[in-house]
2 protein chains.
Amino acid sequence: MQDLYPTRGSTETIIDRADPVVHGTAAGAHALKEDEARYFEANGFIVFPGFFSDEEVAGFNRALEALQADNALMGREEYITEPGSDALRSIFSQHLFHPVFETLSRDRRILDKVEHILGSKAYIHHSRINIKPAYKGKSFPWHSDFETWHAEDGLPKCRNVTAWAMLTDNTQFNGPLYLIPGSHKKYVGCAGETPDKNYKESLKQQRYGVPSLQAIQALCEESELVAALGKAGTLVLHDGNVMHGSPDNISPNPRTNAFFVYNSVANRPEEPFAAKTRRAPFLCLNDYAPL
Amino acid sequence: MQDLYPTRGSTETIIDRADPVVHGTAAGAHALKEDEARYFEANGFIVFPGFFSDEEVAGFNRALEALQADNALMGREEYITEPGSDALRSIFSQHLFHPVFETLSRDRRILDKVEHILGSKAYIHHSRINIKPAYKGKSFPWHSDFETWHAEDGLPKCRNVTAWAMLTDNTQFNGPLYLIPGSHKKYVGCAGETPDKNYKESLKQQRYGVPSLQAIQALCEESELVAALGKAGTLVLHDGNVMHGSPDNISPNPRTNAFFVYNSVANRPEEPFAAKTRRAPFLCLNDYAPL
């Protein structure tokens, strides 16, 4: 299969995106409104404040607490700790471990928007809860999620979207997600061959698939950084290829978000495009049944 | 001499500040206005947007470039690199190395305010330029400057104020200073005996004199974090004891600020209150002649 998005070569490259951003049209009751679709197409993300009720958010947080307290799950590879500490940084596959997140993963209010963007049914490529602990939560460097999914999982096309719910307030102080609006229309092929079993280190601290300062500056030339801020209960949708990162959290408040990555059922993984071996299955789930 | 601010013991303690915040009254032409003095007293800091002209800022930056390019200075102990890289993190004593910063250190627009706050003439305890490089600039953990100056330099009273000029824009994205308004009225005695020659490590990454998460949460109980944001040319004054810190800078823009620490001539250093040895002289200058 042709590699539309070459990466992990000897030099960094920036090319135009080969795929549409919004692949479909509004169908379901909860599809994007016309101006929302236009905004998403132009910027690569959209924020919905107050999307979930306080009761729903409380339920998500109770479910997370249950996962955090589950000794049977602790120590599994889906549980990732912070670099240099035992604090939980991420829990993967929350939709497989807790019915509240399973239900959330199939929420029609989200799926209608996802199917609108993908122009097809979707399945879950992976899900994760990122817990950025108060005071000591570490940063995530700039990256395009899709660059990794393409290089290391073999997703051929950029036809995926991440929906994420804020489980705590995301403020300017607690390490919120920074996005480069419009960056989803460029593709940064990153320099550096993927090491074997890269993902094990990468989940704690990403080193490959990270664009240079010069690439970030180039993407920012026609754009200004935006922080995805909001109260707990905010929903964000972001294109798989939008460039994002987040600083550390020195604030006294944790920043916790639940992510669900939806891939088009027409975009199943091939062989990895720039890695010798596949990542662990929990990072690239293989249940392709449409939601 | 009685130790009004015990610290570096076996446990963390929070006590009330023993000293006034504003020691004097408005005298000079550029002293704080009444509402400014009230704001500083209550919050422990004050921000003056547009304090310096564009021409002045350009001059400061040219002077900094000259310091950065000065091979005779490179390698001196006043030049501090980032943890884990060779990038410059701080240059100390800029007012001794460049006439532009020497002039700035005696600027009456600043000194009148400093003398108002200190209720006396002032001398420079130390000066520094903090350069937080784009993309890779590391965070500074929460701390009270005065805690270190008391513990390791022997400043008996909290009668000092830092004036700093933004040499670049300080945005929410490039690792700005976070402050806890009102925290200057409490004093956190930090746990942990000061290691010998602590300052050498501390300038790259501070480990002692750092309050716990619990202390930061306590200080935030009646307060909300504030970020000191502004365009290049903004002036900030902050009390020596106000709690502050800053996150890393993953943005494509550097964040550079020039700090001048003014101590009251009536508050000369004694023996260190909680360290066996003094820090290097450039961190605690001994020219007590009033400015």
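The values are calculated or read from the model by the stated rules, or taken from the named source; none is laboratory data. None of the values given here were measured: they were computed from a predicted structure. Using ideal geometry, Cβ is built from the backbone for each residue, glycine included, and neighbour counts are taken over all protein chains shown. Keep in mind that these areas ignore ligands, DNA and RNA; they rest on the heavy atoms of the full protein, side chains included. Shrake-Rupley method; radii C 1.70, N 1.55, O 1.52, S 1.80 Å.
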(request) Could you work out the relative contact order of the stretch A:1-121, using alpha carbon pairs under 8 angstrom and six or more residues apart, expressed as a whole percent? (result) 38
(request) Please report, as a whole percent, how much of the solvent-accessible surface of the stretch A:13-283 comes from carbon and sulfur atoms (probe radius 1.4 Å). (result) 50
(message) Suppose you put the label 7 Å out from Cα in the Cβ direction; list, shortest first and in nm with one decimal, how far B:SER223 is from each other copy's label.
(response) 3.7
(request) Over the alpha-carbon set of chain A, divide Rg by the Kirkwood Rh and report the Rg/Rh ratio to two decimals. (result) 0.93
(message) For chain B, set up a GNM with springs between Cα atoms under 10 Å and report which of B:LEU237, B:LEU96, B:LEU111 has the largest fluctuation.
(response) B:LEU96
(request) Taking the Cα centre of chain A as origin, sum charge times position over the Cβ atoms of Lys and Arg (+1) and Asp and Glu (-1), and report the length of that vector in debye to the nearest 20. (result) 320
(message) Using the Karplus curve 6.51 cos²θ - 1.76 cosθ + 1.60 with θ = phi - 60°, what ³J(HN,Hα) values do you get for each residue of the stretch A:260-275, in whole Hz, with x for Gly and Pro?
(response) 10, 9, 9, 10, 5, 5, 8, 10, 4, x, 9, 5, x, 7, 8, 7
(request) Quick one: dipole size for the stretch A:180-228, taken about the Cα centre, charges +1 on Lys/Arg Cβ and -1 on Asp/Glu Cβ, in debye to the nearest 20. (result) 240
(message) Tell me the per residue accessible area of chain B using a 1.4 Å probe; a whole number in Å² is fine.
(response) 40
(request) For B:SER212, go 7 angstrom from Cα along the Cα-to-Cβ vector, then report the distances to that same point in the other copies in nm, smallest first. (result) 4.6
(request) Rounded to the nearest 500, what is the 222 nm mean residue ellipticity of chain B from helices alone, with -39500 (n - 2.57) per DSSP H run of 4+ residues and division by all residues? (result) -6000 deg cm²/dmol
(message) Can you tell me which aspartates and glutamates have their Cα less than 12 Å from the Cα of A:LYS121? Leave out same-chain residues fewer than eight positions away.
(response) A:ASP112
(message) Placing +1 on the Cβ of each Lys and Arg and -1 on the Cβ of each Asp and Glu in the stretch B:157-272, which of B:GLY209, B:ALA163, B:PRO176 has its Cα farthest towards the positive end of the resulting dipole?
(response) B:ALA163
(request) Put a label point 7 Å from Cα along the Cβ direction on A:ARG278, then list its distances to the equivalent points in the other copies in nm, shortest first. (result) 6.7
(request) Compare A:GLY84, A:GLY192, A:GLY154 in a GNM of chain A, Cα atoms joined below 10 Å, and give the one with the largest fluctuation. (result) A:GLY84
(request) State to the nearest 20 debye the size of the charge dipole of the stretch B:207-260 about its Cα centre, where the only charges are +1 on K and R beta carbons and -1 on D and E beta carbons. (result) 320
(request) Compute for chains B and A the buried accessible surface, both sides summed, probe 1.4 Å, and express it in Å² to the nearest 100. (result) 2100
(message) On a straight-distance basis, which aspartates and glutamates could pair with B:LYS197 in a cross-link, Cα separation under 16 angstrom, same-chain partners fewer than 8 positions away excluded?
(response) B:GLU77, B:GLU78, B:GLU152, B:ASP153, B:GLU271
(request) Mind telling me which of A:GLN94, A:GLN217, A:GLN206 comes out most flexible in a GNM of chain A, alpha-carbon contacts under 10 Å? (result) A:GLN217
(message) Explain nothing, just the number: relative contact order of the stretch A:137-291, from Cα pairs under 8 Å at least 6 residues apart, as a whole percent.
(response) 49
(request) Please report, in cubic angstrom per residue, the volume enclosed by the convex hull of the alpha-carbon atoms of the stretch A:45-182. (result) 141
(request) Measure up B:LYS33/B:LYS113; B:LYS132/B:LYS231; B:LYS33/B:LYS185; B:LYS138/B:LYS186; B:LYS136/B:LYS231; A:LYS138/B:LYS136 against 19 Å on the Cα-Cα distance and list the ones that go over. (result) B:LYS33/B:LYS185; B:LYS138/B:LYS186; B:LYS136/B:LYS231
